[in-house]
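Here is the structure we will look at.
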Amino acid sequence: MGQGSTGPDSVTMIPVLNPATGEQIGEVPDCGAAGVDRVVARARASFNAGVWSRMPAQNRAKILWKVAEIVEQRLDELSEIEALDVGMSRMLARGFISTGLEMFRYYAGWCTKIHGQSTDLVTEGWGGPNIEYQAYTQLEPIGVVGLIIPWNGPLFCAMVKLAPALAAGCSCVLKSAEEAPLSIQKLEGILREAGVPDGVANIITGYGETTGAAMTAHPGIDKIAFTGSTEVGKRIVQAATGNLKRITLELGGKSPVLIYDDADLSQAIPGAAMGIFMNSGQSCTAGSRIFAQRGVYDQVVEGVAAAAKALRLGASDDPSADLGPLISAKQRERVKALVEDGRRNGAKIVAGGKALDRPGFFFEPTVVSDVRLDMSLYREEIFGPVVTILPFDDEEVVIAEANNTEYGLAAAVWTRDVSRAHRVARRMDAGVVWVNCQVVFNPAIPFGGFKQSGWGSEYGWKGIEIYLRSKSIYVQI
Ligand code: NAD
């Protein structure tokens with residue numbers, strides 16, 4: 001449901017700002033509790049009618065494939081809107097959306113492969129003849145699902161959730177983040193054009209505390225799949241107790257990057273710099289804690305600092321810009337405060353460290369050394385272009401410190417020693433470990449966080465399983 005269809009009682013409008021200028025570029029309605037009621041009713045009606053949930057699987061597959069085709073055809077337009085809204089470069093927005101649309105191609109393939117197991121059983125008769133059964137499990141769509149996404153790659157995050165939920169046969173209500181709702185507005189039309197029936201895929205806008213909270217507490221929603229901060233994830237768990245909704249959470253991170261003496265630094269340094277500075281550090285898997293072995297420590301600090309200084313900041317329509325602004329003034333102030341706190345307490349700012357004195361919410365790519373392990377900028381997820389670099393000597397010590405965080409989303413290891421690569425990867429307390437690479441994702445490989453970085457996984461078969469329920473049926477024969 002697009003703007004305006006939230007009804008006459010949803011009058012609160014959310015201003016949408018261009019993060020590169022701070023100027024308002026649009027507004028969207030806060031759907032609110034009454035709007036959520038209406039959309040959930042539509043989604044439920046479509047689910048019960050079976051227009052999608054009982055559609056022949058091959059037809060669902062064709063429609064999902066078509067969604068990918070339309071998004072691909074409209075890539076220029078969609079990435080332009082998304083880049084403007086989030087502040088990222090158009091090239092990055094293209095990359096995100098291209099990866100997201102592959103979710104639709106991937107999950108189109110799964111539609112025809114969702115099935116349970118069967119077995120023939122014979123149970124001992126108690127004093128009578130043995131009894132024979134045909135027993136089987138049936139995988140069914142879980143029902144109406146609420147999908148809540150963040151702002152740091154809206155179309156990508158939306159497609160990661162919608163593709164498996166729709167492949168499973170669910171009806172969906174997706175809420176975009178209040179900070180960047182514009183590109184998502186186009187998605188409902190695209191889903192309709194591809195042939196998703198009316199009422200099956202509903203896109204709404206709204207604030208987290210109003211519309212998001214109404215979704216998580218709603219008795220008509222069977223499951224919530226959420227991507228966002230750990231703090232809000234915990235709130236969602238509490239709010240979902242009313243009808244014991246199923247929940248999947250993709251949350252924050254404070255990911256470690258280990259660079260050994262024997263690493264190929266010509267790959268490791270740009271890889272680690274990209275791993276933190278991409279999307280101005282506003283990435284859940286940002287490698288925000290680099291640990292460099294003593295022999296290469298100075299080179300790594302100098303190299304990552306040089307990479308930081310070489311990055312040009314600018315608006316999404318500036319083709320020479322490498323990095324955009326942060327999403328909001330609030331986020332820029334938070335990043336600034338954390339860096340200042342580190343500086344006051346003796347950390348050394350090797351590169352960057354300041355907000356830009358220009359309109360928009362720009363913050364310099366920042367490299368910090370000489371941090372103490374109890375500093376907030378070392379412990380907390382910053383969600384900005386700030387990396388700390390610490391030296392290490394001993395493998396056991398660095399593994400323990402890398403894992404010494406409440407998060408467990410991603411980790412990276414740079415080394416030429418194959419045994420060490422596998423050994424360290426096994427010991428990382430993280431849902432994804434990259435060896436001699438960073439920020440690699442594929443629809444076929446599950447992605448999910450350990451510890452306070454999440455519950456459950458998305459992508460791959462695991463990513464569709466979370467939208468299915470298994471029923472066991474015994475037939476006496
Ligand atoms: P956020 O948690 O503030 O908001 C995320 C979404 O939740 C938004 O749509 C918001 O409106 C909604 N929301 C807020 N309060 C709510 C409530 N009480 N009930 C229901 N919904 C509510 O996060 P953000 O600032 O938009 O995004 C940044 C965070 O997202 C970071 O912590 C980042 O690590 C995380 N993230 C994780 C992944 C992942 O896959 N693990 C990916 C991207 C971002």
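For the reader, a short list of remarks on this structure follows.
- Across the range 441-451, coupling constants 3J(HN,Hα) worked out from phi with the 6.51/-1.76/1.60 Karplus curve, θ = phi - 60°, read 9, 8, x, 7, 9, x, 9, x, x, 8, 6 Hz, and Gly and Pro carry x.
- For the chain, share of DSSP beta bridges that run antiparallel, in % to the nearest 5: 45 percent
- Gyration tensor verdict on the range 328-375 (Cα atoms; rounded if a/c is under 1.5, prolate if a/b is larger than b/c, oblate otherwise): prolate
- For the range 299-376, size of Cβ-based charge dipole, Lys and Arg +1, Asp and Glu -1, in debye: 220 debye
- Cα shape, the range 256-442, gyration tensor, a/c 1.5 rule: prolate
- Per-residue [θ]222 nm for the chain (sum of -39500 (n - 2.57) over DSSP H runs n ≥ 4, rounded to 500): -11500 deg cm²/dmol
- Considering only Y407, F383, A286, and ranking their Cα positions along the charge dipole of the range 256-442 that arises from unit charges at the beta-carbon of Lys, Arg, Asp and Glu, the one farthest toward the positive end is F383.
- The string of couplings for the range 365-381 from the Karplus curve (6.51, -1.76, 1.60, θ = phi - 60°) is x, 10, 10, 10, 10, 6, 8, 9, 5, 9, 6, 4, 5, 8, 8, 8, 5 Hz, one whole number per residue in order, with x for Gly and Pro.
- Remark on V435: its backbone amide H falls under 5 Å from those of V413, a criterion applied only to residues 5 or more positions apart or on other chains, H modelled at 1.01 Å from N.
- Qualifying lysines (Cα of each under 16 Å from Cα of K223; at least 8 residues distant if same chain): K161, K175, K234, K245, K462
- Residue among G125, S369, G233 farthest towards the positive dipole end of the chain, charges placed on Cβ: G125
- Calculated accessible area for the range 1-144 comes out at 50 Å² per residue, all protein chains present (probe 1.4 Å; ligands, DNA, RNA ignored).
- Theoretical gain in end-to-end length, K471 to W126 [0.36 nm per residue, Cα-Cα removed]: 121.5 nm
- Rolling a 1.4 Å probe over the heavy atoms of the protein chains gives the range 256-442 an accessible area of 41 Å² per residue.
- Taken along the Cα-to-beta-carbon direction at a fixed 7 Å, the label points for R344 and D37 span 4.8 nm.
- On the range 256-442, 49 percent of the accessible area sits on carbon and sulfur atoms, based on a 1.4 Å probe.
- Loop-resident chymotrypsin sites (Phe, Trp or Tyr not before Pro) (DSSP state other than H, G, I, E or B) in the range 109-165 with no more than 15 further Cβ atoms inside 10 Å of their Cβ: W126.
- Residues in the range 186-201 carry Karplus couplings, in order, of 7, 5, 4, x, 5, 5, 4, 4, 6, x, 5, x, 3, x, 7, 10 Hz; the curve used is 6.51 cos²θ - 1.76 cosθ + 1.60 with θ = phi - 60°, and Gly or Pro positions show x.
- Proximity of backbone amide H atoms, modeled 1.01 Å from N, is registered between V28 and I14, V16 at under 5 Å, excluding neighbours fewer than 5 places apart on the same chain.
- The amide H of L390, built 1.01 Å from its N in the peptide plane, has I290, F291, A292 as neighbours under 5 Å, considering only residues 5 or more places off or on other chains.
- Student exercise, the range 256-442 dipole from Lys, Arg, Asp, Glu Cβ charges, in Debye to nearest 20: 360 debye
The values are calculated or read from the model by the stated rules, or taken from the named source; none is laboratory data. Note that the structure is a prediction, hence the values are computed from the model and not measured. We place every Cβ from the backbone using ideal geometry, glycine too, and count neighbours over all the protein chains shown. Ligands, DNA and RNA are stripped out before the accessible areas are found, and what is left, the full protein with its side chains, is counted by its heavy atoms. Shrake-Rupley method; radii C 1.70, N 1.55, O 1.52, S 1.80 Å.
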